[in-house]
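Data block below; observations after.
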Amino acid sequence: MALQLTAIKDEDLQATKVKGPGPGLLSMSDSDADTTDTEGEDESEAETEQNVSISIQDPGPVSTDKETSLPQTPPKTDRDLHIHTVLQCGCEVMTCQFSNDGTLLAVGLTDGSIKVYSADGGELLHTLRDRDSVVCSLPVTSLCFTHTSQTHSVMLATYASGCVRCWYVWGRQCVWWLKEARDSGKGEVGEQRQTLCLSVSPSGEQAATGGSDSAIHVYDLNTQQRKQTCRASSSRTAMDGHSSRVFAVTFHPNRDTEFISGGWDNTVQALHVDPSANQILSGSWRKYTTLEVWDYSSGKKVSSVPPDPHGDSMIYTCQWLGRDHIVAAGGLANALRVIDRHSQRVKARLFDLPSAVFSSSICPSGRWAGLIAATSGHQVFLLVFDQQGKNPL
């Protein structure tokens, strides 16, 4: 497992790294990336169909697409975790993200489109796509709602085609976009890279992207210009950067100049920083020791979460849930777990899913604060976890 802490400075990358065993994460080959550079008209459209949701008091799931049948063995939850709504997205879901105010849920699909739902009722509000995303039809890989001092609330999206797009959601417009190229580190710009992950700094002024060429690019979001590229040196003995694909990057929640990253070089697949305890939660795509907690300052491991007696997942996504719990999910077991942070015991599960959970998001604020979104196949499950033994919503 490889963790890397990066400080953004004017000079070259400086980093510390913790290393351990673990296999790499399979993904599409570099040749899958479409190099078409099409700057066409915006063909974003709003969907008018209504999604059906159920009240929070009823734990039974309701599909939001009547034409799609549920699996023969429908997904189940246990204990204090309940399915509130099931969104049917019509295409495999790669990533999901709640807006900062908790009113919207954006879902990135493998066909390159983004669907935006109301967190309140589960209605489909917008479908975001432009000419280039339609032509390329390559997956949306990450999403992040943000704003800067010069913009209203917008959403950044990365694509396997190498594009980074900034969407004004309510206007269904792509405000700006750029296409990343493979960086050799020698001043040469080569073929296109797959852009796989994204994080925005706490101020909303800059963003970091990771991709298939092992480099991390840092952008000024006000000018949309690249301000720094972080990469490993040519030394084979120094651990000063990534040597393979970067699948996860996360800014420290309180520090604009520091981010952590994980990649295919003995992989970390998911990262989340708890600023109150100054700890990192990491998830790895492997069969053993999949969830670990690290001290942010020293880089030393604090603990490893014990395996789930019902069957462990190879982790694609993990997050802190408040001060007392962890949410983790992935493939193999095709399940999502809510884990007590202190006892490290599983408190509740979503299981019998049709396929792996590639992404999850926790609603940060508003009426639905704490609502968990988890993707599986063409579906997104909205889950309520009752931490107090009674329904808080």
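The values are calculated or read from the model by the stated rules, or taken from the named source; none is laboratory data. In this text the structure is predicted, and so the values were computed from the model without any measurement. Note that we place each Cβ from the backbone using ideal geometry, even for glycine, and neighbour counts take in every protein chain shown. To get the accessible areas, we keep the full protein, side chains included, count just its heavy atoms, and leave off ligands, DNA and RNA. Shrake-Rupley method; radii C 1.70, N 1.55, O 1.52, S 1.80 Å.
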Open item on the list: Can you sort PHE351, PHE385 by solvent-accessible area, 1.4 Å probe, largest first?
Closed with: PHE351, PHE385
- [ ] Would you mind computing, in nm to one decimal, how far apart the modelled labels at ASP340 and HIS310 are, each placed 7 Å from Cα along Cα→Cβ?
- [x] 1.6
TODO: Give me the net charge of ILE280's neighbourhood, meaning all other residues with Cβ under 12 Å from the Cβ of ILE280; Lys, Arg count +1, Asp, Glu -1.
DONE: -2
Open item on the list: With viscosity set to 1.002 mPa s at 20 °C, what whole-number translational diffusion coefficient in µm²/s follows for the stretch 95-253 from Stokes-Einstein and a Kirkwood radius over Cα pairs?
Closed with: 133
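Beyond 17 Å, what percent of the Cα pairs of the stretch 308-393 remain?
Value for the stretch 308-393: 43 percent of Cα pairs lie more than 17 Å apart.
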Open item on the list: At 1.4 Å probe size, what's the solvent-accessible area of ARG172? Round to the nearest 10 Å².
Closed with: 80
TODO: Return the distance in nm (one decimal) between the two label points of a simple spin-label model at ARG367 and ARG79, each offset 7 Å from Cα along Cα→Cβ.
DONE: 2.9
Open item on the list: Defining a contact as two alpha carbons under 8 Å apart and six or more residues distant in sequence, what relative contact order in percent does the stretch 299-371 show?
Closed with: 25
Open item on the list: I'd like the accessible area for ILE372, computed on protein heavy atoms only with a 1.4 Å probe and all protein chains in place. Round to 10 Å², please.
Closed with: 0
Task: Solvent-accessible surface (1.4 angstrom probe) belonging to ASP295, in square angstrom, nearest 10 - done: 50
- [ ] Please report the relative contact order for the stretch 251-393, taking Cα pairs under 8 Å with a sequence separation of at least 6, and give it as a percent rounded to a whole number.
- [x] 13
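Need the full-extension length gain, HIS147 to LYS300, defined as separation in residues times 0.36 nm minus the C-alpha distance. One decimal, nm. Can you show the working numbers first?
Values: separation 153, 0.36 × 153 = 55.08 nm, distance 3.36 nm.
Between HIS147 and LYS300, full extension yields 51.7 nm more.
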- [ ] Any chance you could check the Cα centroid distance between the stretch 82-100 and the stretch 204-252 for me, in angstrom?
- [x] 28
Open item on the list: Once each part is reduced to its C-alpha centroid, what is the distance from the stretch 345-370 to the stretch 120-160 in angstrom?
Closed with: 21
- [ ] Mind giving me the nanometre distance, one decimal, between the label points for VAL134 and ASN222, set 7 Å out from Cα along Cα→Cβ?
- [x] 3.6
Open item on the list: Let me spell out the model: positive unit charges on the Cβ of Lys and Arg, negative unit charges on the Cβ of Asp and Glu, origin at the Cα centre of the stretch 278-324. What dipole size does that give, in debye rounded to 20?
Closed with: 140
